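The values are calculated or read from the model by the stated rules, or taken from the named source; none is laboratory data. Since the structure is predicted, the reported quantities are computational estimates derived from the model, not experimental observations. Heads up, the Cβs are rebuilt from the backbone with ideal geometry, glycines too, and the neighbour counts pull from every protein chain shown. Note: areas computed on protein heavy atoms with side chains; ligands, DNA, RNA excluded. Shrake-Rupley method; radii C 1.70, N 1.55, O 1.52, S 1.80 Å.
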Amino acid sequence: MPVLRGLVTPLASPLPAPLLSLIADYRLLTNEIVREALASGKTSRGALSRFARDRALVHQLTGQHAVVAADIARTLVKGHRRRLRQHLKPRVPYIRRPFLRTNPHTFHLDPDSGKVRLSLRNGEWCSFVAQLSRYHRARLGGEGVRIKQLQVSPDKAVLFLERPAPKPYAASSLLALDTNESSLDGVSVSPSGSRLVQVPFPELRRIQATHFVRRRELVRKKARDRRVARRLLRKEGTRERHRVRSRLHDLTTRLLDIVVQHHGALALENLSRLPTSRRRVNTRTRRRLSSWPRRELHRQLEYKAADRGIPVYWVNPFRTSITCPKCGEITRPRSRVGPTFTCGHCGWTMDRQLNAGLNVGRTALRDVAELGGLRLDLDALSHDAMRPRYPFAEADGHGRSGRRGRDRKGAPPKGSKLQ
Ligand SMILES: [Zn+2]
């Protein structure tokens, strides 16, 4: 299956006026198709494309643009209908931001200069320049890469690239990890033996806590001006999201680069099957847990692993934290397990988070036939008094503490812990 990836590029200059007007019309057309689909009950691609082409004549858009708009509208309506079926009381989809999405027939990108020539209407073309960095050029020049679509909005252009996914290799080792709030914990199993693994990321929680305090402060200070408060809060939220994402990208890239070097496979718990906790927790804990970006972490691991051909196995997380990996006994199902897991049956003792990771590994080794040659050696692990961390954690202690941690030239300040 091919991989589809978005490549975002900033614009070198503002878009020409005719293109801006086309973008505005395109948004209106898409909204019109959404309304038509909902009012008439049309669901088929053909019927909506026909309607879109008719309306495109009125808006003076080309049929090509109209067909893509119809596809977008159809996806929006499909989601809306699904939510209706689930009785979620959704709002009717409505696009507020102007944009234009087109197929390769209607534009041409020159990868050297970043110049994009785009068909506006029949026989009418315009051009603008997208800022391509070295990263962009490397992506565009990759083997087998095809540009599938282009999306233009007043501030940026997004290229949708398709490239053939590398076939997952036959793994010779397994890295099984349980996702926790500030670390990934588990075990690495290879023919030469098993080893406990911990990939810590304590920074994330610190960032989230900092921003939470700042937001609370903002709400207090701007209590009399809700308009300003809202704007500042949004800004604060965006910064937090960017900081968290960037840390996660760093972490996942480095982790997977090591996995691919060892020709390893990855086993993770399947979070979509995680039952919602019925345990009573206080507001603080609930807030902390709901802001925990584990979905984003898994999303990045999944797509980056696909990029590198690393096989990923998803394991049902049911009872991973209360099962004994040695004898399979389920301990104390009705009460919380403390920081250390102890089996009431065979006496196996292990850190709770590492223990969950061991169970993820055990299940993956049991259920996945391709990993047949590997064996989880628990006896070797129980003597592992130390908690080894994954190589990179100490290899280059390069962490970042955001803008405040750096001086203007981007170098870490003197006496910083980061060096
Ligand atoms: Zn046991």
> For the pair A17 and V219, how long in nm is the line joining their label points, each one 7 Å along Cα→Cβ?
Replying inline: 4.7 nm
>> Out of all DSSP beta bridges in the chain, what portion is antiparallel? Express it as a percent rounded to 5.
In response: 85 percent
> Between rounded, prolate and oblate, where does the chain land on the alpha carbon gyration tensor, with a ≥ b ≥ c its root eigenvalues, rounded for a/c under 1.5, else prolate if a/b exceeds b/c?
Replying inline: prolate
>> Would you report the distance distribution of C-alpha pairs in region 94-249 as whole percents per 5 angstrom bin, up to the bin with the largest distance?
In response: 2, 7, 10, 10, 10, 10, 13, 13, 11, 8, 4, 2, 1, 0
> Given 0.36 nm per residue, what is the gain on full extension from Q261 to H108 after removing their alpha carbon distance, in nm?
Replying inline: 51.3 nm
> With the other protein chains left in place, how much accessible area per residue, in square angstrom, belongs to the chain at a 1.4 angstrom probe?
Replying inline: 59 Å²
>> Tell me the Kirkwood radius of region 23-92: reciprocal of the mean inverse pair distance over distinct alpha-carbon atoms, in Å.
In response: 12.0 Å
> Carbon and sulfur atoms: what percent of the 1.4 Å accessible area of the chain do they account for?
Replying inline: 51 percent
>> Could you work out how much longer the chain between R97 and R295 gets when fully extended? Use 0.36 nm per residue separation minus the Cα distance between them, nm to one decimal.
In response: 68.6 nm
> What list of ³J(HN,Hα) couplings, whole Hz, do you get for region 81-90 from phi and the Karplus terms 6.51, -1.76, 1.60, once you set θ to phi - 60° and write x for glycine and proline?
Replying inline: 5, 5, 5, 4, 4, 7, 6, 9, 6, x
> Is it possible to state the helix-based mean residue ellipticity at 222 nm for the chain, with each DSSP H run of 4+ residues giving -39500 (n - 2.57), the sum divided by total residues, to the nearest 500 deg cm²/dmol? What is it?
Replying inline: -13500 deg cm²/dmol
>> Taking the Cα of R239, stepping 7 Å toward and past its beta carbon, and measuring to each backbone N in region 202-216: which are under 18 Å?
In response: 204-216
>> Positive end of the dipole of the chain, charges at C-beta (+1 Lys, Arg; -1 Asp, Glu), about the Cα centre: which of L140, N282, I330 has its Cα farthest in that direction?
In response: N282
>> Cβ neighbours within 10 Å, averaged per peptide: list 244-251, 121-128, 179-186 in order, most packed at the top.
In response: 179-186, 244-251, 121-128
> Projected onto the charge dipole of the chain (+1 at Lys/Arg Cβ, -1 at Asp/Glu Cβ, origin at the Cα centre), which of H59, A170, A364 gives the Cα projection farthest towards the positive end?
Replying inline: H59
>> Looking at region 64-168, I'd like the Rg to Rh ratio, where Rg is from alpha-carbon atoms and Rh is Kirkwood's inverse mean 1/r.
In response: 1.05
>> What does the extension gain come out to for S44 and C346, with contour length at 0.36 nm per residue minus their alpha carbon separation?
In response: 102.7 nm
> So, with +1 on the Cβ of K and R and -1 on the Cβ of D and E, and no other charges, what is the size of the charge dipole of the chain about its Cα centre, to the nearest 20 debye?
Replying inline: 2740 debye
> Between A165 and residues 5 or more places away or on another chain, which pairs have amide H atoms under 5 Å apart, with H built 1.01 Å from N, and which residues are they?
Replying inline: V3
> If you take the beta carbon distance between V3 and E370 as r and set R0 to 30 Å, what does 1/(1 + (r/R0)^6) give as a FRET efficiency, to the nearest 0.05?
Replying inline: 0.90
